Amino acid sequence: MFDFISDYDDPTLLGAFWVTVQLTVFSAIGSLIWGTLLAAMRVSPVPLMRGFGTAYVNIVRNIPLTVIVVFSSLGLADIFGVTMGAPDDFELQGFRLAVISLVAYTAAFVCEALRSGINTVPVGQAEAARAIGLSFSQVLRLIVLPQAFRSVIGPLANVLIALTKNTTVAATIGVAEAALLMKEMIENEAQTVLIGAVFAFGFVVLTLPTGLILGWLSKRLAVKR
Amino acid sequence: MKLRKVTAAAAAALVLSITATACGGDGDKDNNGGSGSGGGDKIKIGIKYDQPGLGLKEPDGSFSGFDVDVATYVAKELGYEPDQIEWVETKSADRENALSRGDVKFIAATYSITDERKEKVDFAGPYLLAHQDLLVKKDSDIKEGTDLNGKKLCSVTGSTSAQNVKDTIAPKAQLKQVGTYSECLAALQSGAVDALTTDDSILAGFAAQKQYQGQFKLAGLKLSNENYGIGVKKGDTETVNKINDALEKMVSDKAWDKAVQENFGPADYKNEPAPKIGNIVK
Amino acid sequence: MTSVLYDAPGPRAKRRNIIFSVVFFTLLALLLWWVYTVMDDKGQLEWALWKPFTQSEAWTTYLLPGLADTLKAAGLAMVIALPLGAFFGISRLSDHVWVRIPAGAVIEFFRAIPVLLLMLFANEFYSRYTDVSSEDRPLYAVVTGLVLYNASVLAEIVRAGILSLPKGQTEAAHAIGLRKGQTMTNILLPQAVTAMLPAIVTQLVVIVKDTALGGVMIGFTELLNTRGTLAANYANVIPSFIVVAIIYIIVNFILTSFAGWLEQRLRRSKRSTGAVLGKDDVEEMNAAEVGGSYGTGAGGSI
């Protein structure tokens, strides 16, 4: 019944899901960094940075991820010549382009989650920090962000799960991840429903533990007030 | 009271906008759903929408290209005036399905006759003999298929021609797959890829577009033979025969030459002479 | 809240802020300059590539029909998903375990699966087992995928909307002798729908964005797809992308602003219970566009 799975070796079923995991992990790290920077810009005392942060978030959140991913291949790589250090290897290039697209998109949501976390830190904390003479970056680094991060683990877990699912959009530029393999299998094999179930199961396996573990973590680490 | 009004207004606006779009959809359907295929006073023909020179949706909403001209001629022989034709976009992957389901009467969409496809649909024709070829920049040094080793090649997702090159001619070529050929052309123009492969007829159509004129050339390799046929529902021999008669007449009254001249003339494309009906070049 | 993080700048801080501004401005300007030179270099700024967008034909033949299909799919998906979502959301609040658990399982299942997978599956399913014509199939597949996913998100919105109402509402309803079903239909749902309106409009943005997937992967002729046909004609890849991105931004910005306006109106109004599900609550439920199944029933998830 599951014979069809072994017919595919480039990539294999597990290989394709492994690419999905890699896309998720690299993009998650990237978007956490870029998202934090954006959040810092959005609350910074420099008006120009605030403006940039706000504009970035509002623009990126209103564009479909698909447009960003497809543009990274057709526009960024083909016309702007941004080949991500792999001008002669389209497979690697596609993977890296997908990662930066996912980072550019997901960071906007990380930024917003963090900002809402910053809002939950009581005013007194920041005021006390300023009273003992800490600068803006010290207030942010030592007092506010550590508390903000802990209070937004829940929302960030949602972003991570969404990111896991969003990696499927990389299929639009031919990255050999799970959705692309499913498309190929489902078009060539007769067991439509079975194939759908196998891939659905794969994603449930990927996303459910993330939600449970991070949900538990967010309760454990929540700042008790 | 005020809240009620706001909510009601908002809800009404939402519902209205949504039903408006939904109704719009239904309206569309009534326009093209009723006629069915073949019956009634309309005929549905499947073509490509995005291939200049063969089947292209023009900015004014009309359609142009060699496939379109052939289909129009055939439809006329079947008793349909041009204004009775309803064009339907049939993407490569959808062609067999659209025929077997009866969504279209016939398909003229760079449809190569192959044994595999003949199991699912019947073919009239062929009406054009094309070859797989390469499109390269004017100053490119790619002259043979083997020159492609280590070079970057572009084609559309799911196309057999790219796989053909990689499997048999130049295994070391890097393959980039995109959604449509026009995207390959942009990549070729900017130097992101070295060559674009598919049928020479399609390549000629793109090279002749006025934005690209004089920038590219065909390598002239004849990597394969593509016999373009008109796809018809399996078992509909009557239509196949009628279309074959129409195609013969088109060649004999020189309309075929005229269509070739009009569509491929500017591209400097050396077309093969009109193929004989049923003569499939392997 | 921003001002809490820093003092009103003194002379030194002012100077430092100016330096930061200048450095940041220079970086931004360099980036823009690079974009400009590359586009100029590659001939992407030529007027011939942009001119089509100033003429009506490019709009009436390609972009507007594409946008109409985008909105049609989004509208249909929302209209179908709403009642489905309400059904599952209310079921998940049921007092009976054998209703609550299956409803919860269905909701969590469809929230865990990428929309693209649902669309690909629906597309193939319709192609093999139904006689939907190949013209209509992409629309059907896109709407099906969107409905399955968004009904489960809307179910959570409905549930959160009902839970957001003050407890007194249910208690008062029971006190005057209403049964459970009556309490739901006469008291809770009408108020919950009001509270949910902004969240529903926000969800529409997610739906609009997801239609683009169908355009690339299953050939649905929405905006991003017709952009391809347009670019085949005018050979303007970059300009067409920019124009299409702007259209998406405008449409979604209008929807987002409308949701924000609704939310404010509802919060300010005196007659409501003050329960509102705003834009930000939706993000909790499907952060970053395609939602998450934040642990089945794990604490804190609404």
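The values are calculated or read from the model by the stated rules, or taken from the named source; none is laboratory data. Bear in mind the structure is a predicted one, so any value in this text is a computation, not a measurement. Ideal geometry is used to build each Cβ from the backbone, glycine not excepted, and the neighbour counts take in all protein chains shown.
Key figures
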{"item": "The range A:98-107 - residue that is crowded, with 24+ Cβ neighbours inside 10 Å and hydrophobic (A, V, I, L, M, F, W, C) and, of those, farthest from the other protein chains (Cβ to nearest Cβ)", "result": "A:Val99"}
{"item": "Any hit, the range C:32-44, residues being aliphatic (A, V, I, L, M), surrounded by 12 or more Cβ atoms within 10 Å (Cβ to Cβ) and over 30 Å from A:Asp78 (Cα atoms)", "result": "no"}
{"item": "Pair list, Cβ under 7 Å, 6 or more apart: the range A:115-133 residue within 9 Å of another protein chain (Cβ to nearest Cβ) and polar (S, T, N, Q), other residue surrounded by 13 or more Cβ atoms within 10 Å (Cβ to Cβ) and not in a helix (DSSP H, G or I)", "result": "A:Ser116/A:Val152"}
{"item": "Residues located in the range C:98-129, provided they are over 21 Å from the mean Cα position of the chain (by Cα) and within 12 Å of chain A (Cβ to nearest Cβ)", "result": "C:Ala105, C:Phe121, C:Asn123, C:Glu124, C:Phe125, C:Tyr126, C:Ser127, C:Arg128, C:Tyr129"}
{"item": "Every residue from the range C:233-260 that is hydroxyl-bearing (Ser, Thr, Tyr) and more than 14 Å from A:Ile68 (Cβ to Cβ)", "result": "C:Tyr234, C:Ser240, C:Thr256, C:Ser257"}
{"item": "From C:Trp59, C:Trp50, residue being part of a helix (DSSP H, G or I), surrounded by 11 or more Cβ atoms within 10 Å (Cβ to Cβ) and free of Cβ contacts under 8 Å to residues at least 60 places away in the same chain", "result": "C:Trp59"}
{"item": "Every residue from the range B:220-271 that is surrounded by 17 or more Cβ atoms within 10 Å (Cβ to Cβ) and assigned to a loop (DSSP other than H, G, I, E, B)", "result": "B:Leu221, B:Leu223, B:Ser224, B:Asp236, B:Tyr269, B:Asn271"}
{"item": "Of all residues in the range B:138-158 being surrounded by 19 or more Cβ atoms within 10 Å (Cβ to Cβ) and of a type in the set (Gly, Ala, Ser), the one that is modelled with the highest pLDDT", "result": "B:Ser155"}
{"item": "Close pairs (9 angstrom Cβ cut-off, 6 or more residues apart or separate chains): more than 9 Å from chain C (Cβ to nearest Cβ) and free of Cβ contacts under 8 Å to residues at least 60 places away in the same chain in the range A:184-200, outside any helix (DSSP H, G or I) and buried (at least 19 other Cβ atoms within 10 Å of the Cβ) anywhere", "result": "none"}
{"item": "Evaluation of C:Leu213 against (1) modelled with pLDDT under 90; (2) within 25 Å of C:Arg111 (Cα to Cα); (3) part of a helix (DSSP H, G or I) (one fails), failing number", "result": "(1)"}
{"item": "Of all residues making up the range A:42-68, the number that are among the aliphatic types (A, V, I, L, M) and more than 9 Å from every other protein chain (Cβ to nearest Cβ)", "result": "3"}
{"item": "Any hit, the range B:179-187, residues being within 22 Å of the chain's Cα centre (by Cα), in a strand (DSSP E or B), within 11 Å of chain C (Cβ to nearest Cβ) and under 22 Å from B:Lys48 (Cβ atoms)", "result": "no"}
{"item": "Qualifying residue in the range B:164-171 (condition: within 28 Å of B:Gly278 (Cβ to Cβ), in the same structural domain as B:Lys234 (by TED's automatic domain parsing), out of contact with any Pro (no Cβ under 6 Å at 6 or more places or on another chain) and outside any strand (DSSP E or B))", "result": "no"}
{"item": "Residue list for the range A:59-99, restricted to those being aliphatic (A, V, I, L, M), farther than 11 Å from A:Ile173 by Cβ and either in contact with a helix residue (DSSP H, G or I) (Cβ under 7 Å, 6 or more places away or on another chain) or not in a helix (DSSP H, G or I) (or both)", "result": "A:Ile59, A:Val60, A:Ile63, A:Leu65, A:Val67, A:Ile79, A:Val82, A:Met84, A:Ala86, A:Val99"}
{"item": "Some residue of the range A:118-139 being in a helix (DSSP H, G or I), of a type in the set (Lys, Arg) and over 27 Å from C:Gly10 (Cβ atoms)", "result": "no"}
{"item": "Residue match in the range C:148-170 (condition: among the acidic types (Asp, Glu) and either over 23 Å from C:Phe88 (Cβ atoms) or in contact with a Lys or Arg (Cβ under 6 Å, 6 or more places away or on another chain) (or both))", "result": "no"}
{"item": "Qualifying residue in the range B:191-198 (condition: within 11 Å of another protein chain (Cβ to nearest Cβ), in contact with a Gly (Cβ under 9 Å, 6 or more places away or on another chain), under 24 Å from C:Gln44 (Cα atoms) and part of a helix (DSSP H, G or I))", "result": "no"}
{"item": "Which listed residue is at negative phi, modelled with pLDDT of 90 or more and crowded, with 19+ Cβ neighbours inside 10 Å, from A:Gly196, A:Gly154, A:Gly215, A:Gly211", "result": "A:Gly196"}
{"item": "Single match in C:Ala195, C:Ala173 (criterion: more than 16 Å from C:Leu76 (Cβ to Cβ) and either among the β-branched types (Val, Ile, Thr) or crowded, with 24+ Cβ neighbours inside 10 Å (or both))", "result": "C:Ala195"}
{"item": "Residues of the range A:22-58 satisfying the condition of being farther than 24 Å from A:Arg150 by Cα and either touching a strand residue (DSSP E or B) at 6+ places or on another chain (Cβ under 9 Å) or assigned to a helix (DSSP H, G or I) (or both)", "result": "A:Gln22, A:Leu23, A:Pro47, A:Leu48, A:Met49, A:Gly51, A:Phe52, A:Ala55, A:Tyr56, A:Asn58"}
